[in-house]
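Single-structure report; data block below.
A short reminder: the numbers here are calculations on the coordinates, not readings from a lab. Quick caveat, the model's predicted, so the values are computed rather than measured. All Cβ positions, glycine included, derive from the backbone under ideal geometry; neighbour counts span all protein chains shown.
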Amino acid sequence: MIRAVAALLICQLIGELAARGLGLPVPGPVIGAALLFLWLLRHGGPDAELDRVADGLLANLSLLFVPAGTGVLLHAGRIGAEWPAIVAALLVSTLATLAVTGLVFRLLAGPEGEPVPGEPPE
């Protein structure tokens, strides 16, 4: 278990060092997650130990939202003052997500009339 936790933390550390050292506009944990993903691709996926640790972290993920919720309540006045910008950002990002998802689906679905691979013909 310690080896798996150490692997996760080392990936995060390398990501933090890369982000700060190179001045990248991407958070270090995101870079670390990408490195972990590449490492897992190269090694054929996680071993049983890493799988168990990841499942344990994901099972308790809701605990990580408590500080975020506290921060929202702490800055309720600022959110009240800037709600139009927050609502606009939420609407634009939601519409952009829907549009990109639709475009990717159409791109992957192929020309109309062709059967989708893996589905029986009509």
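Once you've got the GNM for the chain with C-alpha springs shorter than 10 Å, pick whichever of VAL104, VAL30, VAL87 has the biggest mean-square fluctuation.
Per the Cα network of the chain with a 10 Å cutoff, VAL104 tops the list.
Give, rounded to the nearest 20 debye, the magnitude of the charge dipole that segment 1-64 has about its Cα centre when Lys and Arg contribute +1 at Cβ and Asp and Glu contribute -1 at Cβ.
Roughly 160 debye, rounded to the nearest 20.
Add -39500 (n - 2.57) for each DSSP H run of 4 or more in the chain, then divide by its residues: what number comes out at 222 nm, to the nearest 500 deg cm²/dmol?
It comes out at -24500 deg cm²/dmol, rounded to the nearest 500.
Tell me, what HN-Hα J-couplings in whole Hz come from the Karplus equation 6.51 cos²θ - 1.76 cosθ + 1.60 at θ = phi - 60° for each residue of segment 82-87, using x for Gly and Pro?
Per-residue couplings from phi come out as 10, 4, x, 5, 5, 5 Hz.
What size of dipole, in debye to the nearest 20, comes out for the chain about its Cα centre when the only charges are +1 on Lys and Arg C-beta atoms and -1 on Asp and Glu C-beta atoms?
Here the size comes out at about 600 debye.
Please work out which option in (1) 14.1; (2) 19.0; (3) 15.4 gives Kirkwood radius over Cα pairs in Å calculated from these coordinates, and answer with its label.
Label of the calculated value: (2).
Charges on Cβ only, +1 for Lys and Arg, -1 for Asp and Glu, centred on the Cα centroid of segment 1-64; of LEU35, ALA7, LEU24, which one is farthest towards the dipole's positive end?
Value: LEU24.
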